Structure formats: C-alpha cells, structure tokens
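**Q** Handing you a structure now.
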Amino acid sequence: MCNLTVAALLCAGLVAPTFAFASPALLETQCAECHSDKKAKGKFKLTELGERPAADNLKRWVEVLDLITAGEMPPEDESDITAAARKDLASFVKGQLGAYEAADKSLVKSGPRRLNNREFANSIRDVLMIEDVGTHQPVANLIGDSLHHGFDTHSATLGFSKFHLEQYIDAVRKIVDATILSGDRPASRRIEVPAEKMFRAHTSQNTKRSETHGANGSIDFLDPKSPIYFKDFAAASATGRYKITIRATGKDRNVYASEQTGIREGDPIRLSVSLGDRVKTFDLPEEKPVEIVLDEWIAAGSRLQLFYPTDGLTLVGNGNFKFEYRIAGQHLKEHDPARYAKIVAGLESKKPGRTAKGPDAWQHWVDYWQGPRPVIYSAVVEGPFYESWPTKRQVALIGDKPSVANAAAILQPIAERAWRRPVHAGELDSIVALVKAKAKTMNEIEALKEGIVAVLVSPAFLLLNTDDLTPEQRFASKFSTFLGSTLPDAGLRAAVAGGKLNSFADVRAEVQRRFDAGQGDPFLRAFPFAWLLLNDINFMAPDPDHYVFYHRKRVSEDMTAEALEFFRHAVANNLRLPEFLAADYSFINADLAEVYGATKVPADSKLRKFTFADGHRGGLLGMGAFLTITADTLSTSPIHRAKYVMENFLGIHPSPPPADVKIEEPDVRQAKTIREILAKHSSDANCASCHKTIDPYGYAFENFDPMGAWRDAYIAPTTEAAGDAEADAPAKKKRQAAKAPTIPIDASAEFRNGAAYQNIQDYRKLMLNDANRDRFVRCVITKLLTYANGEEPRAGFAVDQIVEQSAKHGYRIVDTIAAVIDSPLFREE
Amino acid sequence: MNIDRRTFLKGVGGALALPLLESTLAAAGATGKPPTRFLVVGNPFGAQPDFFFPKNFGKDFAISPTLQSLEWMKDRMTILSHTDHGMVSGHGKEIGFLSGVLPSTAAAFPEKNMSIDQLFARQVGSQVRYDSIGAALESGIRMSWTANGVEKQPFTDPQRLFDHLFLNLTPKERAERRELLKRDGSILDTVGSQFAGLLKNASVRDRERMDQFQTSVRELESSFANRETWLDREKPGFDISGHFTESEVTIANRYDAIFDMIAYAFQTDLTRVASIEFPSELKYTDIEGVNRSYHGCTHNGKMENVTAELVAIESFQIARLSRCLKKLDAIQEPNGNGTMLDNTIVLFGSGMGYGGTHSNRNLPVFVAGGGFKHRGHVDAADASGNSMPLCNLYVTLMQRFGIERDKFNTSTGKFDLSHV
C-alpha cells in the first residue's frame, strides 16, 4: 500500500510537464560561471554533479536543490534568472533526484545499532513487566552514551565493545536478581524513626566533622545540599514493598524577603524522598505538620534519603549556603535590635585567642536561621511486604512453580518480548541447554535466571533494526522505539502484523492515541532535547562573575524546561510547525521573566504561557536556551548563532572554514563591535564567499547578551567582576550598577538573495516567508528521521515527499510526525 | 554510586605501601630487559600558546610559564612546536588526539581510529594484569579508541580505580568471582551462537556493526580467561589515604591519588600503558585564583585576568604530571639501568591547539622520559613552513615501544628522536 503511494508520487513527479522543459543546459548557463573548476565559489564545482546523481555526489544534489528552491542560488545580485527559469531549474534537479532514488532502494534502509542506555532500561522494564529497572541503580555503571550532534539515538556513537557487553551482563544480572527473589521470604519489620535518629549527611568529602542529628523532636533542613537519612534505615536490606510514613511541615515561609533567599513567594516548600534513583517529591503546607505516605517497591541496597529541592538559598557570598546565615543577623538587626545588640555583645568572649570575626560574619548566626525549610518530626518505615510468596511479579514472569523441565515454555514469552518478534524454531535450544547445565550445580530458579540473562544480552535484544525482523516486526519496533524509547507491546505488534497501521490515517490515529496515553513522553523529552542541542547549554555558560543570577538560580534548567515545554505544548495542541518560529509567546516563570525582562509574571517557578508584546521574543528564536548555547561567556557570536539557526532550523550546513585560515581570537577589551571584528568576512573574498551567506543569519540576535537578556548597547566587560563585591543585592540592580562605556548595537544585515532586515522584528518576519517555512519544515522532518533511524536521511526526494504530506495537513506537528512514520524512509521499504 | 567514598580511609588506612616488585622482576625475567611503559596525559582545549611554548628553540630553551613545574627535567623532554593532525578548526576534533583520525573518517583506516595507547595495549596483551588503564575525574574526553573504532572510557572515580587496581578479594569473594566468571562465560558461549539470521541482508556497512558485537563477545571471552588466570595472584597492596586527610578534598588531591596509583601500577607491573584525562566538566575552581569554568576560561577574549585563570588551570595539569614524573624518577628501574622514568615514554598534549581560537593547529605537545636523547624545544615544521603530522611522532614512540612498523595512520615519516 505504502509502496503504491510512493510509486505513484514518483511517477507523478517524473512525468510532470515542468520536467520536460528543464535541462542540464540550464544548470550550465546559470551556475557554471562562478562554480567552474577554477573559481569554485563556496567550495562548489558544477562538475561535481556529474551527469546525474550518484552515490558519491548525492549530498551535493540535495544541497543544490535546497539552495535553488530557497532562491539563494543563483544569487539575486549576480544573476538575471527569471522566476520561471528558477522553477524549471529546481524541477530538473528534483526530477533527477527522484529518478535516482526510485532506482536505488537501499537509500531508505538504515543500519542496525545498539540500544542506548535509556532504551536499554525501558526495554528491560517491559520485558520483565516491572515499574522500572529498580531503585538500586542497576544501570548506573553502564558506559555513558556519547551524543552525535545532540542525538543519543545516532548509530555513529552507539558502537559496541567488550566493555559495553560486560556492563550489560552486570546490569541485567542486578535487575533480574531484584525481580526474581529466590530463597526464604524475608521477615517484615516496623522501624520507628524519631528525629534524634535522623542525620544530616556529609555533602562533600569532608569527613572530619561529625554528622549532626535532630533534637527536641524535630530536624530541619539547613543546607539544602545536605540530605537527611535515617540511622536505622539508611538502605533497604531486602527487596520488597515498603511503606514509609513521614511527618513533616514547611516552616518560616515568609520571615525573610524573597530577594534575599532567592525562593519565590509563590513556590511551596517541598520535600523529596529518594529511594536509590527513584525520587518522589511532595509539597508541604506551611506551619502544619502532615503525614506523607509512600508505598514503593524497593530493591535491596537502595539508599533512602530526604532532600530539600530548591534553586534558592545561594544568593549570598559565593553561592555557598553558609553565607545565607548572614541574613539571619541582618533580620534581627532590623526587627529585634535589642536582641541583636545582646548577641553581638556576647560574641567577643566566645573563643579566647582567636581574632574575633565582625558581627556580619555568617558563623555567628547559624543558630538563629529562619529561612524557608522543611522540618521533619518523625518517620515510620515498614516492610518488606509481599502480596504473596513467590511474589506476584515473579509468578507473572516465570509462573508459581517454575521448573527447569519447562525452561523452553518459561523463556519463550520472555524472549518473544525481548527480541521484538516470535521465537524461531530451535532458537532457544542453546539457552535451554545452558539452563539445564546450570541446574546441575545451582537451584532451578537460579538456573532459569541464567537463561533470562542470556536472552537479555543476546544481539537480538541489544541491537535494533537487525535483519531477523520481518518488515512488520521492524516497523513495530521502530514505532515504539521512536515514541516510547522501548520495545513494542504485543498489541502494537499484532496491529502492525494485521495490517492495521498501513495507512497514514491509521498511523496518525495510533500516534495520537499514544501521545494521549502518555506513551509518547520519552519522545517529547528526548527529541527536542537532541534537536535543540540542549545538552550543550552550559558547555559555554555565561561568565559566572558577570551573569551571577544565571548561575545562582540555575537558570539554565529553566531555559531547558522552557524549550521542552514549548515542544510539549505544540504536540498537545497539534500546532503548525511554522509556529515554532512565528509564536509571540513562550513558557516562562519568575526567573526567566527576570532574564527576559518580562513583567507581571507570578512569583513562582511554574512555567506558564506568556505573550511578549515587544516583538523581540516568542518561539524558538527568542529562547534563552538557544541564545545561551550559541554565545561565548563574555561576548556574543553572530557566527555561532547563524550556524545554529542554519543547521537546526533551516537544515543548511555551512562548511567549516578551510584548515589553513587563521582565526583571530576575539579581544573583548577593545572598544570594537563584533561587526568591526568580523570585517574581514566581507573584505576578504576568500571569507566572503561563505560568510556572505552565513553571517546575516546571526546579526539579528546581537541585542541578546550571552545569557539571552535584551540589551540596547554593548557594555564592555570590566575586568572588575560584578559579582565579586556583595552578591546580596538583587541581580537586576547589580547589572544596572555595572556602568561602563557603551557602544550602540547594529542588528541589521542583508541576505545574499537581497532580503534585508534592520532588527530582530524584521528578521523574524523574514524567517516566515515561504522558502524559510519550507526549509524549517524540512529541517524538522530531517531531525525526526535522524532520531528515528539513527542516521541522517540520504534520500532527499523521499524527504520532500514527507514535506508535501505535511503541507497537506497544514504543517501540523502531530500530522507531520505521522507522515514521517508513514514514509518509506521510516518503513524502509 | 553506592560506594561510600569513606571506604578509602576505612578500608585501606594503615596498609602501608610495601614495595612488591615480584611481578616486575618476573616480567623482566623473560627478556632480561626492563619493560617499556607509556603514560599519556591529555586535555580537550589545548593550551594558551603564548604561555605554553617556550620563546626560544633548542636544548637551552627557557622554560615557559605553563611548563614551569617541569623545570627540573627540562633536559629530559622534547617540546614540539608546529605539529597537528591537519584538521579544521572547532571542537570535536580533539578526540583524534591519539590517532589523527576522526570517527567519521575512520572507515578509511584498517585499524579505524584506534588511538596509540590502545595500539600499545594490544602489544602488551596478557603479559600483565591490565593491558591499559585510563583515568580521569568526573568524565573523560574521548581520548582512547579501540581497533573497532569504539571509545574506551576511563575510570572517573578514584575509589573505583583503586578497587580495580589494588583491592584484593577475600577467599570467599574470590570464589564468588570465579563462579561469576564461569557463569558469565557460559552466557557468552550461548550468546555467541545467537547470530543466525541477524545478518541476512546486511550491507557491508551494517555487517561492520554486527561484527563489533561478535568481536566484543570474543574479546570479552578472552578477557575472562585472562582474568581467571590472574584471579589467584595477589594484587600489590597500596595506600592512598594520605591524599584524603585534609578536611576538604580538592581536585589536586584526587588527581595526585590517581597519578600515584598509576605510578605504583607501573612499579608493580600491573599495567604498562596508562592514559589520564583532564575533562572540561571538572570544577577547576578548587585551584587558587580560578573561579570560572575551564571552557569559559578558554574564551577569555584576551582579558588578562581570565587568561590568567586559564593558564592556572593548564599549569595545574602540568604540575600534577610533574609530581608523578618526579615519583617515577625516584624509583630505580628494577633489573635495568636508570630510573623508571627512563623506561616510561611520557606524552602530554591535546587534539586541540588552542580553545580561544578553536584552532586545531600547533598542538601543544611534549614528550618526556622514555630514555630518549631529548632535544629541548623543537620546531617540527619543514623547510617550507608546513607543520609536521603528529602521527610522525607516534611512529617514533611506537618504534621505541618495540612495535616494528614505520607507518601510523596519517604519518608521512617519523620524528627524529633517538634513544639511548
């Protein structure tokens, strides 16, 4: 069915009348002058295209098509080509590509790759039918996945080595051991934990000071970095279900001003309970003790710790919590001068022989601290409990009377889930033989566990997209890996096998159903994270001395959350893709509002839709994440920003500067604008041939400083750091205080095709024209395919077909995702 | 993760280092010659060239600010100006430091982008307990690559490195480990036969990926066999708790612990190849005068105070290495002439020239020790001013390591550095 559609489209393309009139001659007359072998402007020679597309020049053909379609080539200023001829030229190139791709089916095939660590954990969870791989951090030892241009699903960085294999065996063992519990049923205990038996754990490797514990019936969180643990239940000794009851309250919510503590008025005081790597977070009421109850399956060895999650309490001094204690002194001075005077008077007599610290020193005020914090009164831990023995999960997996004699029958459904297909005849023989051999020296359940481990370290589980899968099995596997980062459930496999996902409409409906059911959540996080390179946000973080607020309030986390929230919103509302660029809104909280200069935003950390009236922001082009990722620490770079926009929004890949070019090191001390520094880009013909295309994409953002805040002029960074003095003052005031010579900003530029802009508002409009819209859509589709296939699509014509399908549905995002999944490039047929 | 850092103190405190040189002697015994070792230290951002490279060439060069801590051995090192791997500028190329090849172009080379340390490790093979050891703090910099073109990740926690190198198992643990090795071995046997059908229609490219899996099974099997042989032999005892007695443990303490462990692993012939990496993510703010991120400092916009922070970080790296070399130089080579340093090829460098310009030219590189007749500060460029491929140096090191080859990846010859 799918094949038919594609064939029809291909044919339609090939016989379309425009193709008949276009010819290679047009390419010759229009392009040869600049792109001769000798001149080779933009490092491109026309002769590279050969007679027609071939394996070694395919990329060039695709680039040529893009440049012609976008009207960038031939350039407006050096050519007199008519609009009609331009169209003819594009049609010719497109036709050539279509014909080539129709003849070579291998272009839509993508290779096998290893599961990444996320997919590994999710897939084992689903094979063993458990809630997660366990709280004992069984996958923490896996070798981290390297990203390839942001993607953790890319086959280029998902190689396999003996180191990987060994860690897989280790992780699988740990997970299986915590799922199938052999031996006697552990006895259940009830442990009362009074505050006196709760301890504040060391945070650093400072092991000399003894740990402090609660007293007088309560323990409160002082340093938020320091977790609290229970002396008599530091970690679970047996795997099972535990009930944990904690009596706690939030305290002293409003004693100190929000600008001092950095905790927003509207944010609740929260308490996190971590069980190994599973974390549950609760809002605490103020001054009203409540009981928090957790009922969790905990693996043996998992640590139980309580945390105070906040991005506040780091505004004083160098950001270390201890300096916050100063606020206690200041507060007393203001509100209870008599008591303050008394305390100060008593300071000197304390430690004889030591130089007395002034009354402002934090050390004196530790005991008087009244910052917002959780207070814990007591806790009870009960467990482990089991609904039955053997446990329910174990019975579900291997039955209640597992025996080695039935090894094949027990392992068969497990292998079927793990290998994403039915088990072939004889395929389990070697694993069953292993189980039988092991049963001679160990008990039957342990021997069966060896069989399960073998199933889960076999290539059919650890490698995706292998040839043992039928086209239907492959499609089901890719579908669930794409949306859910896990293997397909039986329902999905049956639906695909039964031909129920053969049409665009059916795929569209299933995608929607999965998003609605939360089964697409892994995609909603991982895809935008990869596409927008969010992992890089602090690779070149704004300078900590000049952008104190950014670091102290961990604004990069808010920026990352903003980008992810926008994407989630787009999918939930099936927005048109161009809205990512056109939107005059985004999702911000009080911290982001401070960076963005937005007013009337509720004083809390929750992201809410906010419309920017100034025309500067909204959508991807105004996001702090993008603006920070692409800036240096002290200065901004139009080139980095241009490159980001081109590669991630427009799908253009500017070639790197030639190896012999000497790049000037930016010198921020001089009173020169970035435009003056980059003057060579237009004066040197060698640079200009590429930079004339690149630089205009970036100048528009010059009004955004290295952390993405708006500025009307450059302020030369002073060698005197703004944050060195007293960091107590709110960040806003400090920024204003740093008065230095200023240079006005010029954020205008002209594109190669003649389009010009004066400022970011104009630029944003240009980004919405038809050519850029098509490029953006094609770029997103390319990124979706890269995420799905573990490699960039090679078939440009097939990508174009997805763009057309997307266009038919108004470029709506869910429809576009469905079009990607329904395409030959995803189905690989 | 679950390992309590304090086991450092509790577990090994008191077990004072006693020189356990049996295995070294045994190793030397076969050939009568001391083994050659290799230590490489790398970073991801190169070095500020004005502070790294000495101002003058020749044997009598004046030591540069960044290399100050190596002054004591300036006649036993060779600093190379004007070497590179011919790569375009930008981040991400530094991962080719030890191979001259990027993963994206690895297919054109028979050993992919295998790094020189792994080539040496392969040469050493099962002669020692660990064919190579990689270490860093927090995270690695993608410096070591296997012949399959897969990166080999370093130990990033000193505690785990310690356990790996020096923790001896109780008889009970040993029995359990042996049992586990046997069980894992059987799993591999079983898995090894699970390839039928996976490769049916695979193209050449896909077949390579599948081969990686099969190779992994084979290699892990042989590694298990090797480990079983070593299981009964005692590891040398060692004590690094001295680095953790201060109330605040700094990155200097932790790197010194790592270097000490490597030096002792050399001394006791646990391994002969070691690589140590200084990642960008580490909090260098422990260092006096540094309050920015490493990467942030490289983009200093030529501001003097920020450049000073960068140079402090780079000098810090060199100082850690220098301290280790002093240690190696204080140990007489058992069964041979000179000190252990004379039999240890030391390489420092980066695949990036200088982060401030994103340049991958003029890589900051020096060789020390290894019994070479050192040449001081050398301009490696040829008569017409072209830089020397860094792989030429690797050919020289390779031959010194006893590998009779005259070509390594992008080499065009060899760097002239003879040895005693």
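**Q** Sequence neighbours fewer than 8 away in the same chain don't count; with that in mind, list the lysines whose C-alpha is under 30 Å from B:K182.
**A** A:K162, A:K174, A:K401, A:K436, A:K438, A:K440, A:K449, B:K152, B:K172, B:K235
**Q** Just to check I understand the Karplus step: with θ = phi - 60° and J = 6.51 cos²θ - 1.76 cosθ + 1.60, what whole-Hz values come out for segment A:155-167, glycine and proline as x?
**A** 5, 4, 10, 10, x, 10, 9, 4, 5, 4, 4, 4, 5
**Q** Moving to a separate point now. For chain A, calculate the relative contact order in percent as a whole number, restricting contacts to Cα pairs under 8 Å that are 6 or more residues apart. Intermediate values should be presented prior to the final figure.
**A** Values: 1342 pairs, mean separation 123.1, N = 829.
Relative contact order of chain A: 15 percent.
**Q** Then there's this: Give me, ordered by chain and number, the residues 5 or more places off A:S637 or on other chains with an amide H under 5 Å from its own placed amide H.
**A** A:D632
**Q** Would you kindly derive the ³J(HN,Hα) couplings of segment B:33-50 from the backbone phi angles with the Karplus curve 6.51 cos²θ - 1.76 cosθ + 1.60 (θ = phi - 60°), listing them in order in whole Hz, with x for Gly and Pro?
**A** Result, ordered by residue: 10, x, x, 8, 10, 9, 10, 10, 10, x, 9, x, 10, x, 8, 4, x, 4 Hz.
**Q** Right, here's the next one. I want the local charge near A:P138. Using Cβ-Cβ distances under 9 Å, sum +1 for each Lys or Arg and -1 for each Asp or Glu among the other residues. Let's see the in-between values first.
**A** On the way: positive: A:R173, A:K174; negative: A:D170, A:D177.
Its environment carries a net charge of 0.
**Q** Can I ask one more? Scan segment B:250-287 for trypsin sites (Lys or Arg not before Pro) in coil per DSSP, keeping those whose Cβ has at most 16 other Cβ atoms within 10 Å, and list them by number.
**A** Numbers: sites: B:R254, B:R272, B:K283; in loops: B:R272, B:K283.
Qualifying residues, ordered by number: B:K283.
**Q** I've got another one for you. Hey, got a sec? Which trypsin sites (Lys or Arg not before Pro) in segment A:405-472 land in a DSSP loop and have at most 10 other Cβ atoms within 10 Å? Display every interim value, and only then the final one.
**A** Values: sites: A:R417, A:R420, A:K436, A:K438, A:K440, A:K449; in loops: A:R420, A:K440.
Of the trypsin sites (Lys or Arg not before Pro), the ones in loops of segment A:405-472 whose Cβ has at most 10 other Cβ atoms within 10 Å are A:K440.
**Q** Check A:D104: other-chain or 5+ apart residues with amide H under 5 Å from its amide H, H built from backbone geometry?
**A** Here nothing satisfies the definition.
**Q** What number, rounded to the nearest 500 deg cm²/dmol, is the helix-based mean residue ellipticity at 222 nm of chain B, given -39500 (n - 2.57) per DSSP H run of at least four residues and division by all its residues?
**A** Details: 11 runs with 147 residues, N = 420.
Calculated from helices alone, the mean residue ellipticity at 222 nm is -11000 deg cm²/dmol.
**Q** I need the phi-derived Karplus couplings for segment B:368-381: 6.51 cos²θ - 1.76 cosθ + 1.60, θ = phi - 60°, integer Hz, Gly and Pro marked x.
**A** For segment B:368-381, the Karplus-derived couplings read 9, x, x, x, 6, 8, 6, 10, x, 9, 10, 8, 7, 5 Hz, x marking Gly and Pro.
**Q** For the modelled label position 7 Å from the Cα of A:A187 along Cα-to-Cβ, which residues of segment A:388-407 have backbone nitrogen atoms closer than 15 Å?
**A** Inside the label zone: nothing.
**Q** Let me ask something additional. Using the Kyte-Doolittle scale, find the helices of chain B whose mean hydropathy is at least -0.5 and whose Cα atoms extend 27 Å or more along the helix's long axis, counting only whole DSSP H runs.
**A** Once both thresholds are applied, what remains is B:304-329.
**Q** Across bins of 10 angstrom width beginning at 0, how are the C-alpha pair distances of the protein assembly as shown distributed, in whole percent?
**A** Pair shares across the bins are 2, 8, 15, 20, 22, 18, 10, 3, 1, 0.
**Q** What number in nm² do you get for segment A:585-707 if you take the convex hull of its Cα atoms and divide its surface by four? Numbers along the way, then the final one.
**A** Working: hull surface 35.6 nm².
Hull-based average projected area comes out at 8.9 nm².
**Q** Amide H to amide H, which residues 5 or more places from B:M77 or on other chains are under 5 Å from it, using H placed in the peptide plane?
**A** Amide H neighbours of B:M77: B:G376.
**Q** Which is the longest stretch in chain B that no exposed loop site breaks, taking sites as GluC sites (Glu not before Pro) with a DSSP loop state and at most 15 other Cβ atoms within 10 Å?
**A** Values: sites that count: B:E138, B:E234, B:E246, B:E248, B:E288, B:E404.
Segment B:1-137 is the longest.
**Q** Work through the residues other than A:K41 whose Cβ is under 12 Å from its Cβ and net out their charges, Lys, Arg +1 and Asp, Glu -1.
**A** Working: positive: A:K38, A:K39, A:K43, A:K45, A:K692, A:R752; negative: A:E33, A:D37, A:E78.
Neighbourhood net charge equals +3.
**Q** Could you work out the relative contact order of chain B, using alpha carbon pairs under 8 angstrom and six or more residues apart, expressed as a whole percent?
**A** With pairs under 8 Å counted, the relative contact order is 33 percent.
**Q** Sticking with this structure for a sec: I need B:V41, A:V93 ordered by Cβ neighbour count within 10 Å, fewest first.
**A** Values: B:V41 21, A:V93 26.
With the sparsest Cβ surroundings first, the list reads B:V41, A:V93.
**Q** For A:A215 and A:D614, compute 0.36 nm times the residue count separating them, minus their Cα-Cα distance, and round to one decimal in nm. Write out the running numbers ahead of the final one.
**A** Details: separation 399, 0.36 × 399 = 143.64 nm, distance 5.42 nm.
My answer for the length gained is 138.2 nm.
**Q** What ranking of A:D667, A:D184 emerges when the number of other C-beta atoms within 10 Å of each C-beta is taken as an exposure proxy, fewest first? Can you show the working numbers first?
**A** Working: A:D667 13, A:D184 7.
Fewest-to-most ranking of A:D667, A:D184: A:D184, A:D667.
**Q** I've got another one for you. Given an 8 Å cut-off on Cα distances and at least 6 residues of separation, report the relative contact order of segment A:440-582 as a percent. Display every interim value, and only then the final one.
**A** Details: 68 pairs, mean separation 20.8, N = 143.
Here the relative contact order equals 15 percent.
**Q** Now for a separate question. Roughly how many nanometres apart are two label points built 7 Å out from the Cα toward the Cβ at B:D189 and B:E71?
**A** About 6.4 nm separates the two model spin labels.
**Q** Here is a follow-up. Lysines within cross-link reach of A:K606: Cα-Cα under 26 Å, excluding same-chain residues under 8 positions apart?
**A** A:K225, A:K251, A:K280, A:K288, A:K553, A:K732, A:K733, A:K734
**Q** In segment B:319-420, which trypsin sites (Lys or Arg not before Pro) are in a loop and have at most 15 other Cβ atoms within 10 Å, using DSSP for the loop call? Provide the component values of the computation, followed by the final result.
**A** On the way: sites: B:R320, B:R323, B:K326, B:K327, B:R361, B:K373, B:R375, B:R400, B:R405, B:K407, B:K414; in loops: B:R361, B:K373, B:R375, B:R405, B:K407, B:K414.
Passing sites in segment B:319-420 are B:K373, B:R405, B:K407.
**Q** While we're looking at this one, here's another question. So, counting K/R as plus one and D/E as minus one, what does the shell of residues with Cβ under 11 Å around A:A447 add up to? Write out the running numbers ahead of the final one.
**A** On the way: positive: A:K436, A:K438, A:K440, A:K449, B:R183; negative: A:E444, A:E446, A:E450.
Net charge around A:A447: +2.
**Q** What nm value, rounded to one decimal, do you get for the distance between B:E176 and A:E557 when each label is placed 7 Å out toward the C-beta?
**A** 3.6
**Q** Antiparallel as a % of all DSSP beta bridges within the protein assembly as shown, to the nearest 5?
**A** Details: 75 of 100 bridges.
Around 75 percent antiparallel, to the nearest 5.
**Q** Related question: Across 10 Å bins from 0, what is the distribution of all Cα-Cα pair distances for segment B:280-419, in whole percents?
**A** Taking all Cα pairs of segment B:280-419, the binned fractions are 10, 31, 31, 23, 5, 0 percent.
Read-outs: derived from the displayed coordinates by stated rules, not from any lab. Because the structure is predicted, anything quoted here is derived from the model rather than measured. Neighbour counts are summed over all protein chains in view; Cβ atoms, including those assigned to glycine, are modelled from backbone coordinates with ideal geometry.
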